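Worksheet: one structure, shown below.
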Amino acid sequence: MASPLPLSADPDPSFAELIAGRPHLSADPASGLMVEEIPLARIAAAVGTPTWVYSAGALRRRARALTGALGGAGLTASVHYAVKANTSLAVLRVLADEGLGADVVSEGELLAARAAGIPGSAIVFSGVGKTEREMRLALAEDILQINIESAEEAEALSALAAGMGRTARVALRVNPDVDARTHAKITTGKSENKFGVAIDEAPALYARLAAMPGLKPVGVAVHIGSQITTGMAAYRAAYARVAELVTALRAQGLPVERIDCGGGLGIPYRDEPAPTPEALAGAIKGTLHNLGLPVMLEPGRWIAGPPGLLLASVVIQKRGASSRFLVLDAAMNDLVRPAMYDAWHGILPVGATALQAPLSPADVVGPVCETGDTFTRGRDLPDLPAGSLVALLDAGAYGAAMSSTYNMRPLAAEVMVDGARFAVVRDRQDHAALLAGQRLPDWIGNAAG
Ligand code: LLP
């Protein structure tokens, strides 16, 4: 497996640089690290740690930046936020209020989008393995579009739709065999990946879709990977192949109403070159504009990543044989990205004094019984005795959404900040919830009667 792209050899960004790059963060000389107008220490005192903290202002700003860039390029475009990145109803509602639709990949995500007030008419269903039950729900909700990833899936959906007397609007997800040059675990547009249908097979399958009962092909979808930071070349290559395909479909007299351009726009976790929404809009315009079709986008990380952080406490500061360890009360079960993708996340002390104190290298780890439960190694951080607070940055996307209860650790609370207000938007899970639903059959441990 390919390793992640090497980080630059430059020193890590300073605390001041990390804060300056994230407009919802600031360092107050008295109150320490703030999200909008709320000191993180206040949230920790009220809610405890670990806690996910989201900035409503940052979510709104980013949603507007994206829609603004698409509109500014003269594109007719709709944005369908990829719910998988962050499934909090509060996050979904903030984005729905900005006019965003949803891209969902499961029954649970579809129900979450609906519960947050996103109408079926703004929901796209993606994913390589939709169950019959999920397809039935999508049909019953009469959602905007179902992205088909195989001939087998098209047949199953056609039978269900015809049986229910519905017509499913479907887009054909193609695999353009383009390397997005991102981490191997999150690249999706190469021919060996499980996603989509080979672009060479697309014209024949699209024609079959048009003839299947209960299906109405409305377009072509493509998504080549996530955390794309290597410029627009891969996007352009994929969209150019889609444009050729659409031209060929039209030449066959097949209807194409729109193009789903996927997600994947990367963010600078450390100092990666940040592709802008304007650059993406330019790549779409340059490759697809001549077709004169509306486009859809399915971004997750770009919208939800930077606005969120994971607030944690130091449980113990331990001197190891060769390193200083900061053992947090957050762990890989909360934020799995470092363990899973070797991901780099900014880490800031929260206390006003700690933000100014001298630095020395530390390994920041969780309490889970795996060496992989390591957030970072050799990071320059101040002395942080037990009880100190830290913030793991850019954790709004694929943070809480990927967390688990490994080691019987309850899911962390989630908080939304909006200006001078904050609210718990998801309670910390209690231990009773971890035991709930478990059963002991009467034939276990009951030998003596
Ligand atoms: N559309 C489809 C079909 C997708 O599979 C994905 C992400 C998206 C849109 C949204 O991609 P985004 O804009 O967020 O890059 N857990 C990994 C990321 C997995 C992405 C999966 N698919 C991580 O933490 O880096």
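Observations
- Only residues that are within 9 Å of the ligand (Cβ to nearest atom), out of contact with any helix residue (DSSP H, G or I) (no Cβ under 7 Å at 6 or more places or on another chain) and among the charged types (D, E, K, R) were counted in segment 260-307, giving 2.
- Pairing each residue of segment 415-443 that is under 21 Å from S404 (Cα atoms) with any residue that is surrounded by 12 or more Cβ atoms within 10 Å (Cβ to Cβ) and among the charged types (D, E, K, R), provided the two are 6+ apart or on different chains, yields C-beta distances under 7 Å for V425/E414; R426/E414.
- Residue satisfying all of: in segment 67-83; among the polar types (S, T, N, Q) and in contact with a Gly (Cβ under 8 Å, 6 or more places away or on another chain); farthest from D260 (Cα to Cα) among these: T67
- Answer from V170, V178 - the residue that is within 16 Å of the ligand (Cβ to nearest atom) and either in a loop (DSSP other than H, G, I, E, B) or surrounded by fewer than 22 Cβ atoms within 10 Å (Cβ to Cβ) (or both): V178
- Set L293, L265: member being assigned by TED's automatic domain parsing to the domain that holds L100, touching a strand residue (DSSP E or B) at 6+ places or on another chain (Cβ under 8 Å), surrounded by 20 or more Cβ atoms within 10 Å (Cβ to Cβ) and over 30 Å from L384 (Cβ atoms): L265
- Single residue of P255, P275 found to be touching a Lys or Arg at 6+ places or on another chain (Cβ under 9 Å), in a loop (DSSP other than H, G, I, E, B) and over 16 Å from L75 (Cβ atoms): P255
- Hey, T131 out of contact with any strand residue (DSSP E or B) (no Cβ under 6 Å at 6 or more places or on another chain), assigned by TED's automatic domain parsing to the domain that holds V83 and either hydroxyl-bearing (S, T, Y) or more than 14 Å from V83 (Cβ to Cβ) (or both) or not: yes
- Residue list for segment 64-90, filter: assigned to a helix (DSSP H, G or I) and within 13 Å of the ligand (Cβ to nearest atom): L66, V83, K84, A85
- Look at segment 289-309: where a residue is farther than 19 Å from G264 by Cβ and small (G, A, S), no partner that is part of a helix (DSSP H, G or I) and away from the ligand (no atom under 12 Å from the Cβ) sits 6+ places away or on another chain with Cβ atoms under 7 Å.
- Members of segment 188-229 found to be aromatic (F, W, Y) and outside any loop (DSSP other than H, G, I, E, B), listed by number: Y206
- Residue tally, condition crowded, with 16+ Cβ neighbours inside 10 Å and within 16 Å of the ligand (Cβ to nearest atom), over segment 403-419: 1
- Taken over segment 114-130, the criterion of being over 20 Å from L172 (Cβ atoms) and in contact (Cβ under 8 Å) with a residue 24 or more places away in the chain is satisfied by R114, A115, A116, G117, I118, G120, A122.
- Residue count for segment 417-435 under the criterion of being among the small types (G, A, S), at negative phi and not in a strand (DSSP E or B): the result is 3.
- Flag if G225 is crowded, with 19+ Cβ neighbours inside 10 Å, in contact (Cβ under 8 Å) with a residue 60 or more places away in the chain and on the phi > 0 side of the Ramachandran plot: no
- Search result, residues across segment 28-42 that are more than 26 Å from the chain's Cα centre (by Cα) and surrounded by 19 or more Cβ atoms within 10 Å (Cβ to Cβ): G32
- The residue list E298, E278 contains one member that is under 22 Å from Q145 (Cβ atoms) and among the acidic types (D, E), which is E298.
- Enumeration of residues in segment 234-255 that are surrounded by fewer than 22 Cβ atoms within 10 Å (Cβ to Cβ) and under 24 Å from the mean Cα position of the chain (by Cα): R236, A237
- Qualifying residue in segment 135-155 (condition: surrounded by fewer than 16 Cβ atoms within 10 Å (Cβ to Cβ), more than 15 Å from the ligand (Cβ to nearest atom), more than 20 Å from D260 (Cβ to Cβ) and touching a residue at least 40 places away in the same chain (Cβ under 8 Å)): yes
- Residues that are away from the ligand (no atom under 16 Å from the Cβ) and under 29 Å from G266 (Cβ atoms) within segment 200-224 comprise D200, A202, V218, listed in sequence order.
- Condition met for E109 (of a type in the set (D, E, K, R), in contact with an Asp or Glu (Cβ under 9 Å, 6 or more places away or on another chain) and under 30 Å from D418 (Cα atoms)): yes
- Leading residue by the ranking (nearest to the ligand (Cβ to nearest atom)) among those in segment 308-359 that are closer than 24 Å to A20 by Cα and out of contact with any Pro (no Cβ under 9 Å at 6 or more places or on another chain): R337
The values are calculated or read from the model by the stated rules, or taken from the named source; none is laboratory data. It should be emphasised that the depicted structure is a prediction, and the values quoted were computed from it without experimental measurement. Glycine also receives a Cβ, built like all others from the backbone with ideal geometry; neighbour counts cover every protein chain displayed.
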